[in-house]
1. Between A:L399 and B:K19, take the C-beta separation as r, use R0 = 56 Å, and let me know the FRET efficiency to the nearest 0.05.
2. So, in Å, what gap is there between the alpha-carbon centers of region A:13-37 and region A:236-296?
3. With just the Cα atoms defining each centre, how far is region A:134-156 from region A:40-65? Give it in Å.
4. Which one, A:I72, A:I298, A:I338, has the greatest fluctuation when you compute a Gaussian network model over chain A with C-alpha springs under 10 angstrom?
5. Gaussian network model of chain A, Cα springs within a sub-10 Å range: biggest mean-square fluctuation belongs to which of A:L294, A:L241, A:L356?
6. Could you work out the pair-distance distribution P(r) of region A:340-421 from its alpha-carbon pairs, with 10 angstrom bin width and percents rounded to whole numbers?
7. Taking a cut-off of 17 Å, what percent of all Cα-Cα pairs in region A:296-373 are separated by more than that?
8. By its C-alpha gyration tensor, with a ≥ b ≥ c as the square roots of the eigenvalues, how is region A:1-86 shaped: rounded for a/c under 1.5, else prolate for a/b larger than b/c, else oblate?
Amino acid sequence: MISELINVSIDELLRELTPHVLGSVVRKFRDFSAGEDAVQEASLAAAVQWPRVGIPDNPRAWLTQVAFRRMIDHIRSETARRRRENDAALDANFIVEASASENASSEDDTLVLLFMCCHPELTEGSAIALTLRAVGGLTTAQIANAFMVPEATMAQRISRAKQTIKTSGVPFQLPSAQERGTRLRSVLHVLYLIFSEGYATSTGGELRRDDLAHEAIRLSRIVHKLQPDDTEVAGLLALMLLTDARRNARTSAEGDLIPLAQQDRSLWDKQEITEGVALISATLPKGSVGPFQLQAAIAAVHDEANSAEETDWPQILALYDVLKRISDNPMVRLNYAIASAMVFGAAKGLELLSALDNDPRLKNHYRLDAVRAHLLELAGDCEMAVVHYRAAAGKTASLPERNYLLTQAARLIAPEESTSV
Amino acid sequence: MKYILLMNATKEVFEWYSKWPKEELQANMAFMRKIAAELKDEGVLLQTAGLAWPQQAVIVRAGNDGQPITDGVFPEAKEFLAGYWLIDVESAEQAYKVAARISLAPAPKGTPGTMPLEVREVMDRAPDEMP
């Protein structure tokens, strides 16, 4: 039992130290790709040794030293390889003088690493994997497990992502002031994707990918600490907390999806709600409102209602109205239509949906049908609701969603019809 | 997003394939090995396999006692799965591109068209909040 607890705390400690150690290694050796491997090896060595001999007095120095040694081994073998290739002239280029940025604080290193791992040249999948490994300190096996792909596939993806960074020549430094805003948006986007993946796929009994949701929250906390004045960073963290708070209520023990209105609110995490509400309440008055803050505000309104009936829909509608003005996203328009239906009645919502029928981004997307089915049911047109629930079921690529939508349709039809073929 | 690329063929196609000349068979086999290695290297391939041929296929049902009752494959069955590639990519378009690459598998001269593949998404996407 106790040794298990020690292992958990070692794992947390290692993951916390990863970006700092990696920052030191990259600043010294100027090689992100090899440095990242060296840090991962140092962490693995620590994970094996520390539970036996205890955590060293200065774990960060221990890890840095081991990683440095690995780097030197790596350089030696590279040098030897190059000699064999009669390319000894390149040796001198291998060890680069530590630059002026050596003095940069290791706090900044985490941010620099995040910018690097979420570089726009990388695909979303690569950025996610690299961020989880280089900044999150997860092993390739853990990441592969979270995304349910073989470890070899994930290893290959990470190695190619590092190659992309190498060839694109991204320097190990903070982006310029004018670039920083857009680059920070890419980082937030990647963190949001990690969160969504973890949140959406975790079910009551099954803790499959939910580590990812907590990892995304942990990383967002770090970014928020480093960039306390960025309102969208705060908005993203608040959104994650306010969404994660509902996690235990969003699926049944069997893994069936439970819509917000039917969730058992006593299962919501009060602590996360309190923290998220305080954060978004402190952030909104600062001005410069962005999509993450608005989504967090909407989540807060839902979370603060003691029952579905008490939900302040006019306020949610007003927030979606602002959100749809600043982000041209058809999913926001769908949610706006739902909120309108809750305030003005189902007919109003259905009228707004008809304007989305020709949106090419929703073509073949299940959600337009799912929302229409829901609103038709609210309007009392069960026959058409069934048609659209079934249409939505045919378009989704998520098994829990299809199960939910088929069940919704089956619930509305007469028993004799459901059994006849 | 995960997709499975299915290589289906009629019995006639299996028989035709078994009669290809040596060079063309070898070119096809080398291509299949190469494309698998490439997709693996790209971090795209999760799994691939070829299936034993249709003459070994059996249809199984449970009898009243729950025990298997085996039967030969129905003669009216038109197509059989010959092999598949399970891939993980970021969009349907990328899956189609991978399928198109495999579709270029070489065949004897004079064979009309390229090899067709059926592309199906695996139900692995994360669910949204339901309305």
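1. Computed FRET efficiency for A:L399 and B:K19: 0.85.
2. Value for the Cα centre distance between the two parts: 34 Å.
3. 21
4. Of A:I72, A:I298, A:I338, the Gaussian network model singles out A:I72 as fluctuating most.
5. The residue that fluctuates most here is A:L356.
6. All Cα pairs, binned at 10 Å, distribute as 19, 47, 29, 5 percent.
7. Every Cα pair in region A:296-373 considered, those over 17 Å come to 46 percent.
8. Prolate shape, in that a/c is at least 1.5 and a/b is the bigger ratio.
Every read-out reported here was derived from the displayed coordinates using simple, explicitly stated rules and does not represent laboratory data. Being a predicted model, the structure only gives us computed values, none of them experimental. Backbone-built Cβ (ideal geometry, glycine too); neighbour counts: all protein chains shown.
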